[in-house]
Amino acid sequence: MQQGRQSWRVVRDRIHEWILSGRYGPGDKLPKDAELALDLDCARSTIQRAMQDLSDSGIVERRRKGGTHVRKNPLVRATLDIPLTRLEIEQRGGQYGYQLIEKVKRPPTRAVQAAFGMTEPSEFLQIVCLHLSDGRPYTLEDRWVSIDTVPNILAVDLTRENANEWLLKNAPYTRIELKFYAVNADEETADLLAVAPGCALLAMERTTWVDDAAITTVTAITAPGYQLLSRS
């Protein structure tokens, strides 16, 4: 059977429909991911991505080694999708541009190890890039990608395709952690984002996993005026 023909959104909506129709009621345990993948004719990673969205929305609860259950008391949450920066800029009427600043294989820093809860360091690919809107700085990304989990990233021409877009298409995640905080621009950041040194900027830190395997952690520092949109 050929798998992977269904998008994760279609699969998510199908599972959600099962819950709304009463096929799986509050507290019920859903079938294993592998069983759902077979039933819905899709890849297991597609099921995992769909379940992650349902979990983020407060509809199901996933526990390690405990399976996935329909929540007895569904939560109401605002959800944030990982933005596809190019589309984000184009939807606001801007012309997207991209500059690769640095790409290098190296052991992760202590901060990266801490983000993933790693006990032993392994080789990562560090990617620093600048996203542009109408030729002006929009977002500065400092990204670390696990080569063990996503080895194909090494074959990507990152001068032409940005890692944000490639990873969202090719490395579905099952867990995400988001942090938002303010930073003051150091001289290098100020130069790249065309702001004054010391300028207060919004930083967004995202870390993703597939099961327990690290995928990527990225710190995105945005230019003044950036607005983050959410859906509920």
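The values are calculated or read from the model by the stated rules, or taken from the named source; none is laboratory data. Note that this is a predicted model, so its numbers are computed, not measured. Here Cβ is always computed from backbone atoms with ideal geometry, including for glycine, and neighbour counts include all displayed protein chains. Just so you know, the surface numbers come from the protein's heavy atoms only, side chains and all, with ligands and any DNA or RNA stripped out. Shrake-Rupley method; radii C 1.70, N 1.55, O 1.52, S 1.80 Å.
Of the residues in the stretch 180-191, not one is in contact with a Lys or Arg (Cβ under 8 Å, 6 or more places away or on another chain), open to solvent by less than 20 Å² (accessible area, probe 1.4 Å) and of a type outside the set (S, T, N, Q). When every residue of the stretch 131-138 is checked against the conditions, none turns out to be closer than 26 Å to residue 7 by Cα, out of contact with any Phe, Trp or Tyr (no Cβ under 6 Å at 6 or more places or on another chain) and open to solvent by less than 40 Å² (accessible area, probe 1.4 Å).
Would you mind stating whether residue 159 is farther than 17 Å from residue 216 by Cα, hydroxyl-bearing (Ser, Thr, Tyr) and either assigned to a loop (DSSP other than H, G, I, E, B) or modelled with pLDDT under 95 (or both)? Against the criterion (farther than 17 Å from residue 216 by Cα, hydroxyl-bearing (Ser, Thr, Tyr) and either assigned to a loop (DSSP other than H, G, I, E, B) or modelled with pLDDT under 95 (or both)), residue 159 qualifies. Out of the residues in the stretch 30-81 meeting the condition of being buried (at least 16 other Cβ atoms within 10 Å of the Cβ), closer than 30 Å to residue 133 by Cβ and in contact with a helix residue (DSSP H, G or I) (Cβ under 6 Å, 6 or more places away or on another chain), tell me which one is modelled with the highest pLDDT. My answer is 49. Which ones in the stretch 155-165 are of a type in the set (A, V, I, L, M) and open to solvent by 80 Å² or more (accessible area, probe 1.4 Å)? Within the stretch 155-165, just 155 meets the criteria. Inspection of the stretch 40-51 identifies at least one residue that is among the β-branched types (Val, Ile, Thr) and in a helix (DSSP H, G or I). Taking residues in the stretch 174-187 that are farther than 20 Å from residue 117 by Cα, and partners anywhere that are surrounded by 13 or more Cβ atoms within 10 Å (Cβ to Cβ), the pairs with Cβ atoms closer than 6 Å and at least 6 places apart or on different chains are 181/203; 183/201; 183/203; 185/195; 185/199; 185/201. Here residue 17 fulfils each of the conditions (1) surrounded by fewer than 17 Cβ atoms within 10 Å (Cβ to Cβ); (2) assigned to a loop (DSSP other than H, G, I, E, B) apart from (2).
Listed by position, the strands (runs of 3 or more DSSP E) enclosed by the stretch 79-150 that each have at least 2 residues that are under 16 Å from residue 227 (Cβ atoms) are 124-133, 136-146.
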